[in-house]
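**Q** Okay, here's the structure, questions in a sec.
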Amino acid sequence: MNDPTAAKISTPRRLKILTYNVHSCIGTDRRLDPARIAEVIALLQPDIIGLQELDVGRSRTGGVDQAQVIASLLSMDFHFHAALNIAEERYGDAILTALPARLVKAGELPSLGEQRGALWVEVDCGDRKLQIFNTHLGLFGKDRMGQINCLLGPEWLGQQMLSHQPRILIGDLNSTPITRTYKQAAKALNDAHSACVARPKATFPSRFPLLRLDHVFVSDEIRVVEVEAVSTPLTRRASDHLPLLATVEV
């Protein structure tokens, strides 16, 4: 006889989440190659990707739309936000996925130095809605604290309607675990890397990683299965950051 409660129990969905600062697709060998970035990503087979430092229409990188090129090569949809606009040239962050998704918000974060921004995309994950936030925080501590407080506040992750929804914050926070910025994020969310690895690996610089700047933070509704700072000959050449890959269950 069928259990009438069985239909009410949702099976966890396993997903791979990637955060990757691609350095305008210029590798440590000084080669400009968006296709190489796409190759790195394809080998890792993530479901949801947050990219930072993308050039769109910038003369320094051939005027191409790097977000569009990478998404096309991966057969994914994407949402891009330009943290920096200079005439027709743009520079910023993107979220890519082949899953059903919609852009909820894209906007600037408070910045005294170089302008920074964030993206919020809602992704359909079975019978759940997964909230993905991607950002690239500033170089200065005062900027970063203002930016993380804004992201954790009621305009972004701290919205009351999200209090019981699965949320993931990914990006290059320019913050190691000893910084106030990191500690502020870790108060509100769980650091996926340290949750499942006793000694999390650094992500920057890619050739000789010394600093853990790239992070995946998750809310309590998400179980972390595995996290890896992916270091291979290819990833050490493709960008000055290593990609950080988290496998989670929602």
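The values are calculated or read from the model by the stated rules, or taken from the named source; none is laboratory data. Please read all numbers here as calculations on a predicted model, not as lab measurements. Ideal geometry is used to build each Cβ from the backbone, glycine not excepted, and the neighbour counts take in all protein chains shown. Please note that ligands, DNA and RNA were not included when accessible areas were found on the heavy atoms of the full protein model with its side chains. Shrake-Rupley method; radii C 1.70, N 1.55, O 1.52, S 1.80 Å.
**Q** If we keep just the residues of the stretch 76-91 that are under 12 Å from ALA118 (Cα atoms) and of a type in the set (Gly, Ala, Ser), which is surrounded by the fewest Cβ atoms within 10 Å (Cβ to Cβ)?
**A** Among residues in the stretch 76-91 that are under 12 Å from ALA118 (Cα atoms) and of a type in the set (Gly, Ala, Ser), the one surrounded by the fewest Cβ atoms within 10 Å (Cβ to Cβ) is ALA82.
**Q** Here is a list of conditions, (1) open to solvent by less than 50 Å² (accessible area, probe 1.4 Å); (2) within 19 Å of MET145 (Cα to Cα); (3) not basic (Lys, Arg), and GLN184 meets all of them except one; can you say which number that is?
**A** (1)
**Q** Suppose the filter is under 21 Å from VAL123 (Cα atoms), out of contact with any helix residue (DSSP H, G or I) (no Cβ under 6 Å at 6 or more places or on another chain), surrounded by fewer than 17 Cβ atoms within 10 Å (Cβ to Cβ) and hydrophobic (A, V, I, L, M, F, W, C); does VAL250 pass it?
**A** no
**Q** So TRP156 passes all but one of these: (1) of a type outside the set (S, T, N, Q); (2) part of a loop (DSSP other than H, G, I, E, B); (3) within 23 Å of PRO243 (Cα to Cα). Which condition number does it fail?
**A** Unmet for TRP156, out of (1) of a type outside the set (S, T, N, Q); (2) part of a loop (DSSP other than H, G, I, E, B); (3) within 23 Å of PRO243 (Cα to Cα): (3).
**Q** Hey, another quick one. Go through (1) out of contact with any Cys (no Cβ under 8 Å at 6 or more places or on another chain); (2) modelled with pLDDT of 95 or more; (3) not basic (Lys, Arg) for GLY126 and report which single condition fails.
**A** (2)
**Q** Check the stretch 155-169 and report whether any residue there is out of contact with any helix residue (DSSP H, G or I) (no Cβ under 6 Å at 6 or more places or on another chain), hydrophobic (A, V, I, L, M, F, W, C), at pLDDT below 95 and surrounded by fewer than 21 Cβ atoms within 10 Å (Cβ to Cβ).
**A** yes
**Q** Looking at the stretch 37-64, which of its residues are over 21 Å from HIS215 (Cα atoms), assigned to a helix (DSSP H, G or I) and open to solvent by 10 Å² or more (accessible area, probe 1.4 Å)?
**A** Hits for the stretch 37-64 are GLU39, SER59, ARG60.
**Q** A further question follows. Among the residues of the stretch 173-214, which ones are aliphatic (A, V, I, L, M), at pLDDT below 95 and either under 18 Å from LEU157 (Cα atoms) or in contact with a strand residue (DSSP E or B) (Cβ under 9 Å, 6 or more places away or on another chain) (or both)? Steps first, please.
**A** Going residue by residue through the stretch 173-214, those that are aliphatic (A, V, I, L, M) are 173, 178, 185-186, 188-189, 192, 195, 197-198, 202, 210-211, 213.
Those left that are additionally at pLDDT below 95: 195, 197-198.
ALA195, VAL197 - these are the residues of the stretch 173-214 that are aliphatic (A, V, I, L, M), at pLDDT below 95 and either under 18 Å from LEU157 (Cα atoms) or in contact with a strand residue (DSSP E or B) (Cβ under 9 Å, 6 or more places away or on another chain) (or both).
**Q** With LEU151, LEU109 as the choices, which residue is open to solvent by less than 10 Å² (accessible area, probe 1.4 Å) and in contact with a Lys or Arg (Cβ under 9 Å, 6 or more places away or on another chain)?
**A** Numbers: LEU151 fails: in contact with a Lys or Arg (Cβ under 9 Å, 6 or more places away or on another chain).
Every option except LEU109 fails the conditions.
**Q** Within the set of pairs 6+ apart or on separate chains, which have a first residue in the stretch 56-71 that is farther than 17 Å from ALA87 by Cβ, a second that is open to solvent by 10 Å² or more (accessible area, probe 1.4 Å) and assigned to a helix (DSSP H, G or I), and C-beta atoms under 7 Å apart?
**A** GLN66/PRO34; VAL69/PRO34; ILE70/PRO34
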